[in-house]
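Beneath this line is the structure, given in structure tokens, with notes to follow.
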Amino acid sequence: MRRRRLLAAVGATAAALAGCTAGSQQPVSRETQEPCTATRPEPADTDGEMEPYEYPERPDEWTEENVGQFLQTFESTYRQHEVLRAGMTSYGHSAIFNDVRRRGGGYRVELETAYYHESETDRGTVHADSPTFSVVYAVTNDRLRRAEGGTREAEPDPKAGETVACW
């Protein structure tokens, strides 16, 4: 007898709650959002040879204008930290934006980036220029994803990239 009462109560509760979401303007997502865990290069100890950049703070509100500036600064910092981890002593960076598109609640930004670095060896200073890389960022309300392609590869997909910042 108790089982029948329990089943009746569960059925009545489910029926009562079914109407609660019917008039909702909010989309219902069946997907579980993955926890945000960022992986990005942090600078190594430089012994004062090159001051590491700070990753930029997320703006309060994203716009087409500030998302580009934010990502230019972020990409420069990301590359500089890679260079510092490799023990280089000098660094420069450039980025050209190919496209900034609003997607859902965020942005998709395509850019081409190149950099140079120098290191000291027993034969003197060695200067090296990188090839131009394609980098695509996906900016959402809770995270920043980055995908990097090679010099001759198709455009990278940020969904397959790494999460490099969580907010």
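The values are calculated or read from the model by the stated rules, or taken from the named source; none is laboratory data. Quick caveat, the model's predicted, so the values are computed rather than measured. With ideal geometry, Cβ positions are generated from the backbone for all residues, glycine too; neighbour counts draw on all protein chains shown.
Taking GLY124 as the residue in question, decide whether it is out of contact with any Pro (no Cβ under 8 Å at 6 or more places or on another chain) and at positive phi. So GLY124 passes the test.
Test ARG146 against the criterion of being surrounded by 14 or more Cβ atoms within 10 Å (Cβ to Cβ), part of a strand (DSSP E or B), modelled with pLDDT of 90 or more and touching a Phe, Trp or Tyr at 6+ places or on another chain (Cβ under 6 Å), and give yes or no. Answer is yes for this residue.
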